[in-house]
Amino acid sequence: MNKLTETLDLLCGDGEPISGANLLLEEAIALGEQHCGHKPYRVVADWILVDLDLNEQAAAEFVKATGLQPKLVYAHKILFDSSHKFAPGNWVRTTAMLTFTEPGLFETSNTLYILLGEGKRKTAKAETIMGIF
């Protein structure tokens, strides 16, 4: 597959269904306020949980070097951003995962993402997901 095809497949193709938080926007905002305090949070919809396509050794090296898991989220729609860095309706790609708590709380080193509704889980090359900016 070429780069464009890989990117289109990642953003628009089928994936394994995965459940996020089943909350109203107001409830998700209240959860973000409760959970974070000092850390910004974003409420997103139409999201993809991306496992980086790494072999076991590369994944272990990634975790050892960063203290993070080789997973990211791409969200087609931001519904709320406590830091006001992104406007509602924009998209966002996260950095690597610190923790994932059911249902739908994806945390990076800097931000908590509240994943609303059903999303997709996919595997992609790092250069494919990081090429989206």
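The figures follow:
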| quantity | calculated |
| --- | --- |
| Which of Leu11, Gly131, Val63, positive extreme of dipole for the chain (C-beta unit charges) | Gly131 |
| 3J(HN,Hα) from dihedral phi, region 82-88, Karplus parametrisation 6.51/-1.76/1.60, rounded to Hz, x for glycine, proline | 5, 8, 6, 6, 10, 7, x |
| Other-chain or far-sequence residues with amide H under 5 Å of Gly20's (modelled H) | Gly117, Glu118, Gly119 |
| Unsatisfied cross-links (Cα-Cα over 22 Å) in the set Lys3/Lys64; Lys71/Lys125; Lys85/Lys125 | Lys3/Lys64; Lys85/Lys125 |
| Nonlocal amide H pairs with Phe80, under 5 Å, H built at 1.01 Å | Val43 |
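Each value in this text was obtained by applying a stated rule to the coordinates, not by laboratory testing. Owing to the predicted nature of the structure, the values given are computational and were not obtained by experimental measurement. Positions of Cβ are backbone-derived with ideal geometry, glycine not excepted, and every protein chain shown enters the neighbour counts.
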